[in-house]
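Visitor: Starting off with a structure, shown below.
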Amino acid sequence: MSGNTLGKLFCVTNFGESHGPAIGAVVDGCPAGLSLSEADIQIDLDRRRPGTSRYVTQRREADKVEILSGVYNGVTTGTPIGLLIRNTDARSKDYSNIADTFRPGHADYSYWKKFGERDPRGGGRSSARLTAPTVAAGAIAKKWLKETHGTLIRGFMSQLGPIAIPFESWDEVPRNPFYAPCESIVPQLETFMDQLRRDGDSVGARVEVVAEGVPAGWGEPLYDRLDADIAHVMMGLNAVKGVSIGAGFDCVEQRGSGHGDELTPAGFKSNNAGGVLGGISSGQPIRVSLAIKPTSSVRIERDSVNRAGEPVVVQTLGRHDPCVGIRATPIAEAMLALVLMDHALRQRGQNGAR
């Protein structure tokens with residue numbers, strides 16, 4: 001009911017606050033026998049963690065994961081896997097000036113309206129800091145999917161603010177802090193972000209994530225369609241305001257004769273469907289695109305109200321990502337992995353080894 005758990009057979013419950021003692025997740029439903037260590041999970045956490053470049057928040061968190069349960073002698077036991085990440089560099093005093101006011105575009109106001117209480121320290125439960133446990137859980141799903149089905153899940157940034165990023169090669173993605181698949185555009189991205197920081201402002205981004213090697217047949221025909229579950233989970237990622245699959249909104253301008261992916265004995269001729277037909281995977285790569293809004297915490301003064309409804313001017317201090325999209329790629333990969341893992345187990349439960 002409270003919306004902190006996702007999945008039906010591979011279930012992940014997320015807990016913690018941005019400035020609490022720790023954040024974490026409980027992963028329930030992971031099959032026994034998967035070789036798993038903290039090092040397997042740490043790889044993706046290091047890709048997501050803050051303080052890795054001058055273009056992201058300068059909060060210095062090691063994001064070191066601890067496996068508390070569910071693994072014995074380096075192998076999953078089939079019981080719940082407890083994951084813990086301790087917060088070590090929170091500066092709660094940075095948020096004292098907004099304890100009684102609301103940042104425009106932030107969840108401050110809606111959380112207060114829902115609960116009558118809110119934790120203003122770094123955004124509390126609504127902070128993007130809570131994506132770290134999701135990435136940790138997603139790393140488990142990615143490993144199982146790769147070893148069991150050969151599924152490879154990768155992402156990249158395709159647009160930063162007004163700058164479109166052409167795709168050159170997957171090899172370029174890990175070589176720069178933007179997860180950009182194009183080497184030549186990186187200096188332009190750096191210049192843009194340096195100026196944005198000086199302005200005290202923020203900007204949005206577009207991130208693409210692709211899953212290759214997904215068997216055909218995963219998903220359900222109606223209420224639990226694979227694409228619907230993907231969209232549902234992706235919209236649960238902080239700052240995501242739009243999700244498209246395959247051709248997405250471009251299908252509006254297409255005709256049926258061109259949009260429908262023709263089949264041949266050798267396979268499909270195109271992939272406008274993004275790897276999902278009728279809510280069920282087609283065996284093609286699953287392609288998902290995310291629109292990520294600008295960070296709401298900016299140094300520029302903006303109009304708002306306080307708890308009494310009186311007009312105030314809000315300026316957000318502290319350490320924030322001027323573009324949360326820069327660190328969103330490994331998070332989007334994790335989100336897609338969690339959905340695919342859940343549907344893989346559901347398909348196995350319903351139809352066996354088919």
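Values in this text are rule-based calculations from the coordinates and carry no lab data. Here the structure is a predicted model, which means the values were calculated and not measured. Note that each Cβ is placed from the backbone with ideal geometry, even for glycine, and that neighbours are counted across all protein chains shown.
Visitor: Which ordering of K293, K143 is given by a fewest-first count of other beta-carbon atoms within 10 Å?
Guide: So the ranking, lowest neighbour count to highest, is K293, K143.
Visitor: Would you be so kind as to identify which of V298, S257, Q347 lies farthest towards the positive end of the dipole of the chain, taking Lys and Arg as +1 and Asp and Glu as -1 on Cβ and the Cα centre as origin?
Guide: It is V298, whose Cα lies furthest towards the positive end.
Visitor: How big is the charge dipole of the range 5-351 about its Cα centre, in debye rounded to the nearest 20, if each Lys and Arg gets +1 on its Cβ and each Asp and Glu gets -1 on its Cβ?
Guide: About 660 debye.
Visitor: Across bins of 5 angstrom width beginning at 0, how are the C-alpha pair distances of the range 197-354 distributed, in whole percent?
Guide: Final binned percentages: 2, 8, 15, 16, 15, 12, 9, 7, 6, 5, 3, 1, 0, 0.
Visitor: Further, regarding this structure: What order do you get for K142, K241 when you list them from fewest to most C-beta neighbours inside 10 Å?
Guide: K241, K142
Visitor: How do C11, C30, C182 rank when sorted from fewest to most other Cβ atoms within 10 Å of their own Cβ?
Guide: Ranked by crowding around the Cβ, least crowded first: C11, C182, C30.
Visitor: Once every DSSP H run of n ≥ 4 in the chain is given -39500 (n - 2.57) and the sum is divided by its residues, what mean residue ellipticity at 222 nm do you get, rounded to the nearest 500 deg cm²/dmol?
Guide: So the calculated ellipticity at 222 nm is -8000 deg cm²/dmol.
Visitor: Given contacts defined as C-alpha pairs under 8 Å and at least six residues apart, what's the relative contact order of the chain, whole-number percent?
Guide: 22
Visitor: Work out Dmax and Rg for the range 5-351 from the C-alpha atoms and quote the Rg first, both in angstrom.
Guide: Rg, Dmax (Cα atoms, Å): 20.7, 68.
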